[in-house]
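The values are calculated or read from the model by the stated rules, or taken from the named source; none is laboratory data. Since the structure is predicted, the reported quantities are computational estimates derived from the model, not experimental observations. Positions of Cβ are backbone-derived with ideal geometry, glycine not excepted, and every protein chain shown enters the neighbour counts.
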Amino acid sequence: MKFSRNILIAASALVLACTTACNNTPEGKGDATIGFASESYMYKETAGLVKLPVQFTGEPKTYPITFDIIATVQGGSDELETILHFTQTEGLKYAGIEGASAFIEFTVYDNREINESKYVELEIANVKGAAIAGSGKTVIEIADNDNNPYERLWGNWTLKGSNVFDGTAVSWEVNISGGFSAAEEAVNADRKLVCWGFGGNKEDLTGSDLTPVKQPVWYLNYNADAKQLSLIPGEMMANCYDYTGSVPGSSFEIKTAALFVQDNSLVYDFTFGGVTATWSDDMNTITFTPNTGIYGVIVADGEPSDYGFAGCLNITMTRN
């Protein structure tokens with residue numbers, strides 16, 4: 001069995017140093033423990049970078065606490081490197097605040113193939129300066145997402161279309177996901193997609209302290225039976241940062257509007273449900289209905305203005 005040689009421990013309000021040096025200081029009478037927060041975890045192949053918590057309690061017997069991580073694939077013939085990628089597994093050091101969390105960081109590999117879940121056991125070993133809490137083991141399940149078109153649409157895409165203002169070609173990057181948190185993903189599952197990035201902008205347009213910044217965003221309904229996506233108009237894309245308009249004291253925001261051609265004129269609507277799209281068999285292209293598009297309209301106190309943030313017609317999206 002091959003093991004990746006790297007795990008990076010990231011910590012909040014603490015210092016966690018990663019080296020290969022040993023701690024030769026005799027252990028004292030401290031009551032420190034080290035362990036995993038849960039006996040098992042489940043992540044999907046699309047999880048990307050994961051921070052898995054390691055818990056420390058009590059007073060270390062010596063400073064710093066040192067330990068190794070042993071990773072073992074359970075069942076099957078897969079090599080660890082085809083499932084998870086770590087950055088360090090040996091000689092990890094911890095010195096910090098009692099009860100504070102630390103994290104083992106790894107990246108989940110998305111193979112784009114339909115397969116059963118894969119399992120990797122992590123074991124805390126060779127600990128100095130603390131006792132191992134419980135078994136010191138946890139099992140990570142990596143669940144396949146390739147059998148579900150909804151999750152296969154997740155990822156980074158390039159959107160192309162024609163600029164609503166002058167007809168020139170436009171292109172920008174969009175990330176599609178189920179949401180920005182596990183709770184949001186659970187609510188949206190198999191029915192709604194979150195698209196982050198519009199008009200070439202992924203920056204914070206709210207003027208507020210959002211952590212992490214996840215605007216501007218727009219949303220698509222997902223219909224598995226019809227194999228179709230449809231724009232959800234009328235939802236807030238972002239607050240309108242630093243825009244004052246002509247009405248002092250008013251509240252401004254950007255809302256997503258459906259854009260379509262009517263009698264050779266461009267019209268936008270906050271309720272029109274005719275902006276639809278289909279995906280290709282290989283899930284690498286999304287094509288919207290011709291002569292329709294998406295428009296970010298500036299809204300003042302709930303009333304649409306004559307100004308738009310960005311918009312485009314005749315949209316296609318290709319996977320990066």
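Filter the strands (runs of 3 or more DSSP E) completely within segment 64-104 down to those with at least 1 residues that are at pLDDT 85 or above and not hydrophobic (A, V, I, L, M, F, W, C). Don't jump to the end; show me each part of the working.
Numbers: elements: 65-74, 84-86, 92-94.
Strands (runs of 3 or more DSSP E) meeting the threshold: 65-74, 84-86.
Being touching a Phe, Trp or Tyr at 6+ places or on another chain (Cβ under 8 Å), in contact (Cβ under 8 Å) with a residue 60 or more places away in the chain, crowded, with 17+ Cβ neighbours inside 10 Å and under 25 Å from Ile176 (Cα atoms), is that true of even one residue in segment 89-97?
no
When the residues of segment 149-178 are narrowed to those that are aliphatic (A, V, I, L, M) and touching a residue at least 60 places away in the same chain (Cβ under 8 Å), which ends up surrounded by the most Cβ atoms within 10 Å (Cβ to Cβ)?
Pass one, segment 149-178, residues aliphatic (A, V, I, L, M): 153, 159, 164, 169-170, 174, 176.
Applying the additional criterion that residues be touching a residue at least 60 places away in the same chain (Cβ under 8 Å) yields 153, 159, 164, 170, 174.
Working: Leu153: 20, Leu159: 22, Val164: 19, Val170: 20, Val174: 20.
Step by step, filter segment 149-178, then rank; the result is Leu159.
Can you tell which of Leu231, Leu159 is within 20 Å of the chain's Cα centre (by Cα), of a type in the set (A, V, I, L, M, F, W, C), over 18 Å from Gly48 (Cα atoms) and at pLDDT 95 or above?
Working: Leu231 fails: within 20 Å of the chain's Cα centre (by Cα).
Matching residue, one of Leu231, Leu159: Leu159.
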